[in-house]
Amino acid sequence: MTGDRHRDAVPASRKIRLVLDLRRKGVTDTRVLAAIERIPREKFVPDTFRDRAYEDTTLPIGHHQTISMPSVVARMSEALQVGERMKVLEVGTGSGYQAAVLATLCRRLYTIERHPPLAERAQGLLDALKITNVTTRIGDGMLGWPQQAPFDRIMVTAAADGRIPQNLVDQLGDGGLLVAPLEDAEGHQRLVRLRRDGHVLRREDLGPVRFVPLLPGVAGR
Ligand code: SAH
């Protein structure tokens, strides 16, 4: 037993237990489950919470923000039906964990975060893990990323008030899917999926969720 034991990787059994838990909760997409098994969530949570990285729970990441629950990351990734040739936009990089999962499923991921220190930390973690198909940007994700539009898939990981920002809808390509939490006037949040077929937009309800709010502008500016 060396004194460095606490620096060792989190036991693989914890990851396997989490994947079994996700299966039990109804996640069936094997590409999503494999991505969750592959990405070291413990790197994306603060050191003090490292032991809890494979519990199905949200954890604080600073700036009053949280890393999403693994089951929500899995459910949203599954709902987005990401193909390996797709170009994907994520709004709300946060810790970068959902970005890392999406990046293993798609060709290229663009992700926007309004808190500069979170964006910088996430990009550093993705670089350290040699995940090279992600571009992180500090900005207001409500504006989308017009220079890179259209996107095959868009995921919003903060709750929009009432409606999905029009810029994001406009940047969704034909046949595209967008998944986002929406909050109603009573403060209840539902996960919705939007599908674009030409000019026709269809909306599905995917059940209740709990996210931090989608806010305008860059924090601290
Ligand atoms: N996907 C993240 C969880 C995100 S928490 C993860 O895997 O860890 C939601 C994030 O959305 C927060 O970091 C918050 O700062 C960010 N956010 C909220 N409104 C935003 C906006 N308009 N543009 C970009 N990021 C936003």
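Each eigenvalue of the Cα gyration tensor of the chain, multiplied by 5 and square-rooted, gives one semi-axis; in descending order these are 28, 19, 17 Å. Could you please report the charge total around P216, scoring K, R as +1 and D, E as -1 over all other residues with beta-carbon less than 14 angstrom from its beta-carbon? Taking every other residue near P216 into account, the sum is 0.
FRET efficiency for the R50 to R24 pair, using the beta carbon distance and R₀ = 22 Å, is estimated at 0.35. For the chain, the longest principal axis of the Cα atoms and the long axis of helix 116-128 meet at an angle of about 60 degrees. The angle between the Cα long axis of helix 12-24 and the longest principal axis of the Cα atoms of the chain comes to about 40 degrees, rounded to the nearest 10. For the range 31-59, no residue has its backbone nitrogen under 14 Å from a point 7 Å from the Cα of T132, taken along Cα to Cβ. The radius of gyration of the Cα set in the range 107-221, together with its Dmax, comes out at 14.6, 43 angstrom. Let me check against my output: what whole-number percent is the relative contact order of the range 2-208, with C-alpha pairs under 8 Å and at least 6 apart? Taking the mean separation of contacting Cα pairs over the length of the range 2-208, I get 14 percent.
Determine the relative contact order of the range 167-207: mean sequence separation of Cα pairs under 8 Å and six or more apart, normalised by residue count, in whole percent. The value is 33 percent.
Since every read-out is calculated from the coordinates, none of them should be taken as a lab result. What you see is a predicted model, and the numbers here were worked out from it, not measured in a lab. For neighbour counting, all protein chains shown are included, and Cβ atoms are generated from backbone atoms with ideal geometry for every residue, glycine included.
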